[in-house]
Amino acid sequence: MQTNTVSFYSALSHAPALCRAAAILGALVLAPAMAFSQTAARQVMAQQRVQQNAAPLELTLKQAVQIALRQNPSVQIALLNLAESRRQSGIALSQLLPQAEFNLSDRAVRANVQASIGLNIPGVPKAVGPFQVFQTGADFSAPIFDLSLWRRWQAARQGIASASAQSLSVRQQIVLLVVSQYLSALRAGAEIGASESRVNLAQALYNQTSDMEKNGVATSVDVLRANVELQNEKQALLVAQTDQQVALYGLAQLLNVPPLRQITLTDQMTFFETPKVSMDQSIADAYKSRPEIQQLMAQRRSLKYDEEADSESRLPALDFTGDYEQQGLSSSTIIPTYVYQAGITIPIFTGGRIHNEIARDRIELRKIDHILQNEKNEVALQVETAAARLESARHQVKVADLGAQLAQEEVQQSRDRFKAGVVDNIEVIAAQSALARADENQIAALYEYNQSRADLAHAIGRIEMLYDK
């Protein structure tokens, strides 16, 4: 930086005076901007280093779910929608309550008398004014009997129930996503452990084969075959490591934590017996607990109240209005004035508006009935599918555990046979390949079991209770 500054001023000394002045002015203008941009860049780099060097975020599955429910943007937006529905209900309620407003005016009035009465009367002036009118006071109104307003408020209250169910649905969906992502990361971690074990096993076979080749017991083809197997296992290890990192990135996004923050998972995928699922009871519980169904039922109730409101708009409506004011030609001459009145409004002819509004509401009710029935069918299918997968996964875990145990024994026996010179290492490599498949089956079965358990809890509507309590 110092060398560049010296060369800059050296060049200035040989330039014309005007050019030197322009260059100095440009340097004075650009220097603060360059300094600001460099400072901002250093701050960004420093923040990234802080994120990278921060202590790893150690998470159990329960902690990951709790953080997501606090920080995930979708959950926060659902809560805001719920708050908005409460305000909308308050607006509907305000229509049932008295209204009052204060006014203050000072007017100059000039009126055409003949135009107002439609006659030209001799002796009556054509116009009066201008004169001042000062007025201050309050206007008020209150509905006394209007069933349609009452039904609108009841419909708005069902909007709160619908938004609450929607918020719960979003929460349960986020919990399911977090659990699935956490399990995916655990699965990738288990695959890393299994791959590392197979790499060590392949390395040991390669070393053994190389030693046996030196002693004339094995051939160069055996060494080459063992080396190919070793490289294949190293490749599988790299893939597993990448899968785990990608899964952790996805989990960080769901938790809404800085993407450069390192995450460490402290739970492990385990197998534990669960009670046998009663299909009928599970489906009945799902109908009661699933927020999607509760949301549709709240929407149906809201539509029913809208239909009643439109139907009851044919009934007379009684209201009370009035004003109490101080009025005069000036503020010093004001006297109290007031108007109180009660009125009844009876719709006689609305051009078919009310009839069409009721017909529209009934069409919406039929639509929501179809949607509700379809949603119930989907929920029942989800429960049945998740229960079937859970039952299958329970058996897969037991079979995979036995397969992994047998594959370990096969590898050990084949290595002993190869060491004794009975067979070449083709048998050993085949046994190691079988062990790799058995490890993958064991990890996949355990992952499928835990994922099916989460899917069943979500299908019944109890996933947040299972993983957040």
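Quick notes on this structure:
- Region 299-331: number of residues that are within 30 Å of ALA142 (Cβ to Cβ) and either basic (Lys, Arg) or touching a helix residue (DSSP H, G or I) at 6+ places or on another chain (Cβ under 7 Å) (or both): 15
- Condition met for LEU372 (of a type in the set (A, V, I, L, M) and either within 30 Å of ASP455 (Cβ to Cβ) or part of a loop (DSSP other than H, G, I, E, B) (or both)): yes
- Residues that are small (Gly, Ala, Ser), on the phi < 0 side of the Ramachandran plot and surrounded by fewer than 16 Cβ atoms within 10 Å (Cβ to Cβ) within region 211-242 comprise just one, SER220.
- Subset tally (residues that are part of a helix (DSSP H, G or I) and either buried (at least 20 other Cβ atoms within 10 Å of the Cβ) or of a type in the set (Asp, Glu) (or both)) for region 268-281: 1
- Any hit, region 346-355, residues being in contact with a Ser or Thr (Cβ under 8 Å, 6 or more places away or on another chain) and either outside any strand (DSSP E or B) or loosely packed, with under 11 Cβ neighbours inside 10 Å (or both): yes
- In the condition set (1) touching a Gly at 6+ places or on another chain (Cβ under 8 Å); (2) in a strand (DSSP E or B), ARG107 is compliant with all but (1).
- Residue match in region 123-131 (condition: surrounded by fewer than 18 Cβ atoms within 10 Å (Cβ to Cβ), part of a strand (DSSP E or B), in contact with a helix residue (DSSP H, G or I) (Cβ under 9 Å, 6 or more places away or on another chain) and free of Cβ contacts under 8 Å to residues at least 40 places away in the same chain): yes
- Residue in region 304-311 that is among the polar types (S, T, N, Q) and surrounded by 17 or more Cβ atoms within 10 Å (Cβ to Cβ) present: yes
- Qualifying residue in region 431-438 (condition: surrounded by fewer than 22 Cβ atoms within 10 Å (Cβ to Cβ), in a helix (DSSP H, G or I) and not aliphatic (A, V, I, L, M)): yes
- Once region 388-411 is narrowed to residues that are surrounded by 13 or more Cβ atoms within 10 Å (Cβ to Cβ) and of a type in the set (S, T, N, Q), the residue that is nearest to the chain's Cα centre (by Cα) is SER392.
- Any hit, region 141-164, residues being within 30 Å of LEU61 (Cα to Cα) and either in contact with a His (Cβ under 7 Å, 6 or more places away or on another chain) or among the polar types (S, T, N, Q) (or both): yes
- Set SER148, SER141, SER164: member being over 25 Å from GLY343 (Cβ atoms) and either assigned to a strand (DSSP E or B) or polar (S, T, N, Q) (or both): SER164
- Cβ pairs under 7 Å, 6+ apart, first in region 100-121 and under 24 Å from ALA142 (Cβ atoms), second of a type in the set (A, V, I, L, M, F, W, C): ALA100/ALA138; ALA100/PHE140; GLU101/ALA138; PHE102/ALA138
- Extreme residue, surrounded by the most Cβ atoms within 10 Å (Cβ to Cβ), among residues of region 419-430 that are free of Cβ contacts under 8 Å to residues at least 60 places away in the same chain and outside any loop (DSSP other than H, G, I, E, B): GLU427
- Residue count for region 82-99, restricted to those that are in contact (Cβ under 8 Å) with a residue 12 or more places away in the chain and surrounded by 11 or more Cβ atoms within 10 Å (Cβ to Cβ): 12.
- Test: residue in region 258-267 that is crowded, with 18+ Cβ neighbours inside 10 Å, touching a Phe, Trp or Tyr at 6+ places or on another chain (Cβ under 7 Å) and within 28 Å of GLN413 (Cα to Cα): no
- Cβ pairs under 9 Å, 6+ apart, first in region 396-413 and more than 10 Å from ASP439 (Cα to Cα), second part of a helix (DSSP H, G or I) and β-branched (Val, Ile, Thr): VAL411/VAL428
We did not get these values from a lab; they are worked out from the coordinates using the rules stated. None of these values were measured; they are calculated from a predicted model. Neighbour counts run over all protein chains shown; Cβ positions are idealised from the backbone, glycine included.
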